[in-house]
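Participant: After the structure tokens below, expect a handful of questions from me.
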Amino acid sequence: MRALIAAPFYPPHPGGIERHSAGVAAELRRRGWEVDVVHCVTEGEAAGRALGPNGERLLALESRLVGGRLPFPRRTERNAAVIDEIRETSYDFVLIQSHLFVSNLVVARAVGSAPRIWLNHGSAHVATGHPVVDRCVAAYEHVLAGRLRRVVPTVAGVSTEAAAWVSHMRVDAGSSVGNAVARVSPPRRGRREGPLRVVSVGRLEPAKGALEAVRVVDGLPASAEVELTVCGGGSIAARVAREARASRRRIVTTGPVPHEEVQARLVDADVLLLLSDSEGFPTVLLEAGAAGCAVITHPVGGTAEVLRDGGGWRVADVQAAAARLGELAARPQLATEAGEVLRRTVESTYTWPPVVDRLLRLAGVRGEAAAPSCTASARS
């Protein structure tokens, strides 16, 4: 059996879609599938063909980056050869990760009639912070969605919210498949002494919550012992760093860091502060839970189902987030207890075998049953 995954980028490039793609690839490889991943590389990145960490074959499309986020494939002989090879290869399953990228539309047209599914990862249009540009981006998304809908018959969302949102582009996505993590830490043995340790992880872009996290922590009463670490890079990184330096509190900005460092910081943190305006199903939510870290989040995609049994708090605005942080600073044990609830939820529910089963089933691929999972928990 052979699968093709079309993604905008691929790890070590950071991002939720990238880690979702790598998780699906790893699970398919565990089942004995051959897996190709077609992804974009931009200036300064190696474009040669290579193997991923689980033996998946990486097919790179040379691209230019527009607006700091959207890769557009170049017209090169190398790219033409990659698309020709995809066109000539017989695939048993094709996963198109989002409508947002021209490269994914090109791939969807190249695979012909192979069993395929378009997975939507968003629950709002991409925000730039500029109203006119935002309207242009929304129009661009509608055009790509309309064209992708003609060549990919089956559409699903990574969460219930992502499946519902795509309907406004006249796309029917009646199912959600979920997100997952590969490893879950053992239970924590208490917490390290000191202030409440809060972390914000993600792209430093408008509406993604990093600037709001800095302002929430900076505005807490002097009596609240809280420190914040902001991990990530993006177009507003300089602004985030400037406000962090001006704060009277200990607020550290790390810039982009390897995924392993993000995981280590989550293991040490008490709370993940996720104040993004929209998400499909944030991978960092599950990664925090896997590390035993509680979550304060806006009610974005995926959070209702993950936090149904506890493990964190969904807050309507930054004022509610600040109030909750103040309470946790006074009683950090509440965060420790919530983190363990979330850890158990992730360990029992959010692993890759059932996610991949749902994807294959929706695409009409038979014989999708997973082998027994050996990655539900990593014990040290």
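No lab work stands behind these numbers, since they all come straight from the coordinates. Quick caveat: nothing in here was measured; it's all calculated off a predicted structure. FYI the Cβ positions are ideal-geometry reconstructions off the backbone, even for glycines, and counts take in every protein chain you see.
Participant: In whole Hz, what ³J(HN,Hα) sequence does the stretch 240-256 give by Karplus (6.51, -1.76, 1.60; θ = phi - 60°), x for Gly and Pro?
Facilitator: Along the stretch 240-256, the couplings run 4, 5, 5, 5, 5, 5, 7, 6, 7, 9, 7, 10, 10, 10, 9, x, x Hz.
Participant: Compute for the stretch 196-349: radius of gyration divided by Kirkwood radius, i.e. Rg/Rh, restricted to C-alpha atoms, rounded to two decimals. Write down the numbers at each step before the final one.
Facilitator: Working: Rg = 13.9 Å, Rh = 15.0 Å.
Taking Rg over the Kirkwood Rh, I get 0.93.
Participant: Turning to a different aspect of this structure: Evaluate the charge dipole of the chain about its Cα centre and quote only its size in Debye, nearest 20, assuming +1 on the Cβ of each Lys and Arg and -1 on the Cβ of each Asp and Glu.
Facilitator: On the way: 46 positive and 40 negative charges, 26 e Å.
In debye, rounded to 20, the chain gives about 120.
Participant: Separate question: Between Met1 and Val66, how many nm apart are label points set 7 Å from Cα along the C-beta direction?
Facilitator: 3.7 nm
Participant: With the cut-off at 1.5 for a/c, could you classify the stretch 149-266 from its C-alpha gyration tensor as rounded, prolate or oblate?
Facilitator: It comes out prolate by the Cα gyration axes.
Participant: Hey, rough spin-label estimate for Ser167 and Thr42, points 7 angstrom out along Cα→Cβ, what's it come to in nanometres?
Facilitator: 3.5 nm
Participant: Of Leu307, Ala246, Val267, which is farthest on the positive side of the dipole of the stretch 196-349, counting Cα position, with +1 on Lys and Arg Cβ, -1 on Asp and Glu Cβ, and the Cα centre as origin?
Facilitator: The residue sitting most towards the positive pole is Ala246.
Participant: Specify whether the C-alpha gyration tensor of the stretch 233-302 places it in the rounded, prolate or oblate class, a ≥ b ≥ c being the square roots of the eigenvalues: rounded for a/c under 1.5, otherwise prolate if a/b is larger than b/c and oblate if not. The partial results should precede the final answer.
Facilitator: On the way: a/c = 1.68, a/b = 1.36, b/c = 1.24.
In terms of gyration-tensor shape, prolate.
Participant: Return the long-range amide H neighbours of Leu61 (sequence gap of 5 or more, or a different chain), with a cut-off of under 5 Å between placed amide H atoms.
Facilitator: For Leu61, whose amide H was placed from the backbone, the distant partners under 5 Å are His39, Cys40, Val41.
Participant: Also, I was wondering about something else. Please state the relative contact order of the chain as a whole percent: Cα pairs under 8 Å, 6+ residues apart? List each step's numbers first, then the result.
Facilitator: Numbers: 823 pairs, mean separation 58.4, N = 380.
The value is 15 percent.
Participant: Computed from these coordinates, which is Cα extents along the principal axes in Å: [x] 65, 49, 38; [y] 60, 50, 41; [z] 74, 42, 36?
Facilitator: Of the listed options [x] 65, 49, 38; [y] 60, 50, 41; [z] 74, 42, 36, [x] comes from this structure.
Participant: Right, here's the next one. Report the net charge of residues surrounding Ala110, where surrounding means a beta-carbon distance below 10 angstrom and charges are Lys +1, Arg +1, Asp -1, Glu -1.
Facilitator: -1
Participant: Given H placed 1.01 Å from N in the peptide plane, which residues other than close sequence neighbours of Val230 have an amide H under 5 Å from its amide H?
Facilitator: Long-range HN contacts for Val230: Ser200, Val252, Thr253, Thr254.
Participant: While we're looking at this one, here's another question. Under 5 Å between amide H atoms, partner at least 5 residues away or on a different chain: which partners does Ser176 have, H built in plane at 1.01 Å?
Facilitator: Gly157
Participant: Ok, one more. Given contacts defined as C-alpha pairs under 8 Å and at least six residues apart, what's the relative contact order of the stretch 196-349, whole-number percent?
Facilitator: On the way: 313 pairs, mean separation 38.0, N = 154.
Relative contact order comes out at 25 percent.
Participant: Provide the net charge surrounding Asn54, with neighbours chosen by a C-beta distance below 12 Å and charges set as Lys +1, Arg +1, Asp -1, Glu -1.
Facilitator: Residues near Asn54 contribute +1 overall.
Participant: Can you give the extra length, in nm with one decimal, that the chain gains between Glu260 and Asn54 once fully stretched, where that is 0.36 nm per residue apart less the Cα-Cα distance?
Facilitator: Contour length minus Cα-Cα distance gives 72.5 nm.
Participant: Around His259, what is the net charge, scoring Lys/Arg as +1 and Asp/Glu as -1 over all other residues with Cβ under 13 Å from its Cβ?
Facilitator: -1
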